[in-house]
Structures are given as C-alpha cells and as structure tokens.
Amino acid sequence: MNEKFFDLPKKKQNAIINGAMHVFAKYEYKKATTEEIAKEAGVSKALLFHYFGNKKELYLFLYDYAIQKSYEQKKELKNKKDNDFFNKIIDAQNCKVKILLEHPDIMMFLTKVYFEENEEVKGVVKEAFKNSAVEAKTDFFKDVDLTKFKDDISPKEVLNIVFWMAEGFMKDKRLEANKTVDLLKLNDEYLKYLKILRKAFYKEEYL
C-alpha cells in the first residue's frame with residue numbers, strides 16, 4: 001500500500017477504512033466491488049487505487065489493521081491488575097465497544113474473513129486466525145482466579161457459554177434494531193447478563 005495513506009487526516013482514513021470494512025463485511029471477497037467500496041468511503045475509485053493498488057491489497061491491509069486493533073486491546077487489558085474471571089470479560093467487552101464506536105463493522109469484517117474461501121486471500125489469513133484464537137484463550141487463563149467458581153463448574157465451559165451468549169445476543173439485537181444500533185445501550189444490557197452468569201457460577205461468598 002501507499003504509505004501516504006497515513007498522511008491523510010484521521011477522519012479521512014477512518015472514512016476509507018470503515019467504508020471498505022462495511023462492504024467486505026457485507027459480501028464475500030469476490031462479490032465485494034471497488035466501486036461500492038469507493039462509494040461507501042466517499043472517495044473516487046482512482047484515489048482508492050492510489051492508496052491501495054488493488055482489491056486484494058486493500059483487503060489484506062484491513063485485516064492487518066483489524067488485528068492490530070485487537071493487539072492494542074490485549075495490551076490495554078494486560079495493564080489491568082484485576083484477575084476476576086467476569087471482570088476480565090467485562091473489561092474486554094468495554095474495550096471491544098470502544099473499537100466498535102470507531103469502526104462499527106470491524107467484528108463482522110473479521111468474522112467474514114474467517115469464513116472466506118476465496119483462494120486469492122484465504123491462505124494468507126487462516127493460519128494467523130488459528131494461532132490468534134489459541135493464544136487468546138491461553139492468555140485469558142494465565143492469571144485468572146478460578147477459586148471463586150462453584151466446585152462442580154468448569155471455567156473453560158463457562159467461557160464458551162459467554163462466547164455463545166455474546167454471539168446470540170448480538171444476532172438477536174441486530175435483527176431487533178434493524179441495523180440502527182446504540183452500542184452503549186446494548187453493552188449495558190449485555191453486562192447485565194454477565195452478572196446473571198456470575199451469580200449462577202460463583203460461590204456465594206464471592207457474589
């Protein structure tokens with residue numbers, strides 16, 4: 001890519017990034033057109049190609065950018081000293097919302113990338129995704145306090161339940177909101193469900 005892209009004002013950079021992410025989150029790689037990306041980004045197709053030589057280059061830039069945002073989130077979380085299982089999840093959720101407020105389609109884009117089957121791009125990202133997922137779960141349990149759970153509860157299974165709940169919650173709310181989403185309001189509601197899980201799985205003395 002053309003490094004001069006980063007000389008653009010941040011607002012212009014985000015307009016291009018968000019426009020491209022929106023289109024790639026909406027379509028599979030082959031069906032996403034640079035015409036629609038340029039339209040969503042509010043720039044000409046020629047200018048898009050000036051900064052990103054072709055669609056593949058833009059796609060891989062967005063992937064690297066999204067992963068970098070994830071690493072920044074991890075770094076922020078590592079600086080927190082709280083080792084409570086649910087507090088760590090809440091901190092991660094709040095960090096995720098901060099990213100979504102800046103880039104609304106970033107999570108959907110990464111999901112689309114994960115399931116992409118186009119040979120032109122899938123080989124570049126599949127292995128990176130696999131390593132990232134394993135690393136994330138390993139890092140989460142490194143310093144978490146597991147003594148607060150009831151004796152017959154598996155923390156790893158609870159973490160799976162949290163992931164499944166988050167996925168189902170967002171699918172339900174996306175339909176309900178008809179694409180008009182108040183992220184902060186949704187986040188507050190989601191955190192209430194985490195409190196219910198804490199009450200269900202923690203020993204009485206830790207509630």
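The values are calculated or read from the model by the stated rules, or taken from the named source; none is laboratory data. Since the model is a prediction, treat every value here as computed from it, not as a measurement. Cβ placement follows ideal geometry from the backbone for every residue including glycine, while neighbour counts extend to all protein chains displayed. We work out accessible area using only protein heavy atoms, side chains counted, and drop any ligands, DNA or RNA first. Shrake-Rupley method; radii C 1.70, N 1.55, O 1.52, S 1.80 Å.
Legend: distances between Cα atoms for 12/56; 80/192; 81/156; 10/80; 112/199; pairs beyond 24 Å are 10/80; 112/199. Treating the Cα atoms of the stretch 1-95 as identical point scatterers in vacuum, please give the log10 of the normalised Debye intensity I(q)/I(0) at q = 0.10, 0.18, 0.19 Å⁻¹, two decimals. Values returned for q = 0.10, 0.18, 0.19 Å⁻¹ are -0.35, -0.81, -0.87. For residue 5 and residue 67, the difference between the fully extended length at 0.36 nm per residue and the C-alpha to C-alpha distance is 20.5 nm. Compactness of the chain was expressed as the Cα radius of gyration divided by 2.2 N^0.38 Å, which yields 1.15. Taking every alpha-carbon pair under 8 Å whose residues sit at least 6 apart, the chain reaches a relative contact order of 22 percent. Principal-axis analysis of the Cα atoms of the chain puts helix 55-78 at an angle of about 30° to the longest axis. Computed with a 1.4 Å probe over protein heavy atoms only, the accessible surface of the chain comes to 61 Å² per residue.
Counting only alpha carbon atoms, the long axis of helix 183-201 and the longest principal axis of the chain meet at about 30°. Highest-first packing order for the peptide set 80-88, 57-65 is 57-65, 80-88, based on the mean count of other beta carbon atoms within 10 Å. For residue 33, no residue 5 or more places off, or on another chain, has a built amide H under 5 Å of its own. From most to least packed by mean Cβ count within 10 Å, the peptides 192-199, 99-106 give 99-106, 192-199. Pop the C-beta distance of residue 14 and residue 156 into the FRET formula with R0 = 45 Å and round what comes out to the nearest 0.05. Plugging the Cβ-Cβ distance into 1/(1 + (r/R0)^6) gives 0.75.
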